[in-house]
Amino acid sequence: MFLGLDLGTSGLKGVVINEQGHVVAQANQPLTVSSPRATWSEQAPDTWWQALMDVCFALSDVVDLKQIQAIGLSGQMHGATLIDVSGAVLRPCILWNDGRSQKQCKTLMATHPELMLRSGNLAMPGFTLPKILWVKENEPEIYAQIDKVLLPKDYLAYRLTGVFSSDCSDAAGTLWLNPQTRQWDEHLLKLTGLSLANMPSVHEGAQIIGQLSPSVASALGFNDVPVVAGAGDNAAGAVGMGITEPGQGFVSLGTSGVYFVVSESHNANPENTVHAFCHALPNRWHQMGVTLSAANSLSWFAKTVSMSVADLLDELELASIRKTSAVFLPYLNGERTPINDPLACGQFFGLRSSTRREEMTLAILEGIAFSLLDCQNALESAGSSVNELSLIGGGARSELWRSIIASILGKTLTYRDGGDVGPGLGAARLALLGKKEQDGQDIEALIKQHCRMPEVLATHSPEQDMQSYYQAKHVIYQQLYRSTESLNTQMSQLC
């Protein structure tokens, strides 16, 4: 058996698969996010480690962890986890959806145009490089103690093995990696005053980076098994769903929303706010558009009205409402694709005294789908097209939401078995690949054998009778942001 550990923003999930790749056990431990100031988003790395232990203990009630042959990791990207020379964490991790480094991004883009050429991406507040510049300028006493900068899942790999490592899919989201060479770029590191000595070694996702340390193995109930480098959450989700070849893609409905397309080469197009990163598998790359608050928008509304997400969706299904005058901008944490605006705000528009809660829920589902349409348009303008589009993430469990997205994107969507555990499943598959490659098997043959697409559970085609409604509403959606954009800066200065 093989274990995948997926460190998300809202929780850490463990997924165990057998030799045939079937999921035999899973467990989840929730996590919380701290927002000490507007646009800030942080987590304490110690809570990740505690969640990992809790997940392993929960899995041990279902499977014998002594039977695990290898461990893989996936995780939320871009987070700045700062480590001192003793291995201690210097401050809470600054997360992917943190917007505090907007000023640093503007300075980088104005003074270092070579950054786009070397990294293949725009400087955005979510990425790691500008976060370190913010720390350097605002917390110099912390910056002076930095020995290593780790991404979230790589911190867990360090705790598991004692090895400082990363993989090229996750490392590409720092802005320090050159995606063409799949290694750190020393010139880009110098922009933050760092060097190769401050960075973990970079590997392909299925490469073994070390062994589980004896003390950790004993404490968690494992044997001394290998740990592979793993992948950023989206690349891991692609591996879990068999999205490994050019022309294949998926939409992910996690805390954030992602539109992911595999490419056969590094196809950078930062002018369209498209991310161009390495895939977790060798000789593969991908492009993606990102909306920062997908399922998170629905979770926020559920908490606001003191209901569960499931109850909100059930209420909407029973109401049989398919159209509403309400419009929702899902910019609760700013936005990346296509506007790259960390100050963008979430908002409802078109509410009346007669507006029902169910209509507000529907507006949220539509708004997130509109943000994914913006991602699709950006990707297409960058030359990426999708032949096969799958749907993954916890939000993908909603049949109504899947139908709305298919109609708004104008694409047939395929919902597959395991879509709700895609990144964890991908991490487990990478562990399987790494162990078998270590045993002498060819990696490309292993990918074809073990990274197949899971069983189709449902297929959703666009509803033609809804097309004119969605097209007209998307125009209003885009005009709403443009009409209120200048107010976001004014509002941020008030609080």
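The values are calculated or read from the model by the stated rules, or taken from the named source; none is laboratory data. Everything quoted here is computed from the prediction, not taken from an experiment. Here the Cβ positions follow ideal geometry from the backbone for every residue, glycine too, while neighbour counts run over all protein chains shown. Protein only, heavy atoms only, side chains kept; ligands, DNA and RNA dropped before computing areas. Shrake-Rupley method; radii C 1.70, N 1.55, O 1.52, S 1.80 Å.
Checking the condition farther than 25 Å from Asp233 by Cα, in a helix (DSSP H, G or I), open to solvent by less than 90 Å² (accessible area, probe 1.4 Å) and modelled with pLDDT of 90 or more, which residue from Leu430, Leu480, Leu425, Leu446 passes? Full working, then the answer.
On the way: Leu430 fails: farther than 25 Å from Asp233 by Cα; Leu425 fails: farther than 25 Å from Asp233 by Cα; Leu446 fails: farther than 25 Å from Asp233 by Cα.
Among Leu430, Leu480, Leu425, Leu446, only Leu480 is farther than 25 Å from Asp233 by Cα, in a helix (DSSP H, G or I), open to solvent by less than 90 Å² (accessible area, probe 1.4 Å) and modelled with pLDDT of 90 or more.
The single residue among Gln438, Gln471 that is under 27 Å from Leu52 (Cβ atoms) and more than 19 Å from the chain's Cα centre (by Cα) turns out to be Gln438. Look at (1) under 30 Å from Asp167 (Cα atoms); (2) charged (D, E, K, R); (3) more than 22 Å from the chain's Cα centre (by Cα) and you find that Asp314 fails only one, number (1). Taking the range 166-181 as the range and being part of a loop (DSSP other than H, G, I, E, B) and modelled with pLDDT of 95 or more as the test, the residues that pass are Leu175, Trp176. Filtering the range 134-160 to residues that are open to solvent by 20 Å² or more (accessible area, probe 1.4 Å) and not in a loop (DSSP other than H, G, I, E, B) leaves Trp134, Lys136, Glu137, Asn138, Pro140, Glu141, Ile142, Tyr143, Lys148, Tyr158, Arg159. Can we say Arg452 is under 21 Å from Ala310 (Cα atoms) and of a type in the set (Lys, Arg)? Considered against the rule, which asks whether it is under 21 Å from Ala310 (Cα atoms) and of a type in the set (Lys, Arg), Arg452 comes out as no.
Scan Val163, Val216, Val239 and give me the residue that is touching a strand residue (DSSP E or B) at 6+ places or on another chain (Cβ under 8 Å), outside any loop (DSSP other than H, G, I, E, B) and of a type outside the set (Lys, Arg). Reasoning before the result, please.
Values: Val163 fails: outside any loop (DSSP other than H, G, I, E, B); Val216 fails: touching a strand residue (DSSP E or B) at 6+ places or on another chain (Cβ under 8 Å).
Among Val163, Val216, Val239, only Val239 is touching a strand residue (DSSP E or B) at 6+ places or on another chain (Cβ under 8 Å), outside any loop (DSSP other than H, G, I, E, B) and of a type outside the set (Lys, Arg).
Among the residues of the range 212-226, not a single one is more than 28 Å from His22 (Cβ to Cβ), surrounded by fewer than 24 Cβ atoms within 10 Å (Cβ to Cβ) and of a type in the set (Asp, Glu).
So, in the range 308-346, of the ones that are in a strand (DSSP E or B) and at pLDDT 95 or above, which residue ends up surrounded by the fewest Cβ atoms within 10 Å (Cβ to Cβ)? Full working, then the answer.
Within the range 308-346, the subset in a strand (DSSP E or B) is 327-329, 332, 334-335, 341.
Restricting the remaining residues to those that are at pLDDT 95 or above gives 327-329.
On the way: Val327: 20, Phe328: 26, Leu329: 23.
Among them, the one singled out is Val327.
Looking at this structure, is Ala123 under 29 Å from Ala382 (Cβ atoms) and outside any helix (DSSP H, G or I)? Against the criterion (under 29 Å from Ala382 (Cβ atoms) and outside any helix (DSSP H, G or I)), Ala123 qualifies.
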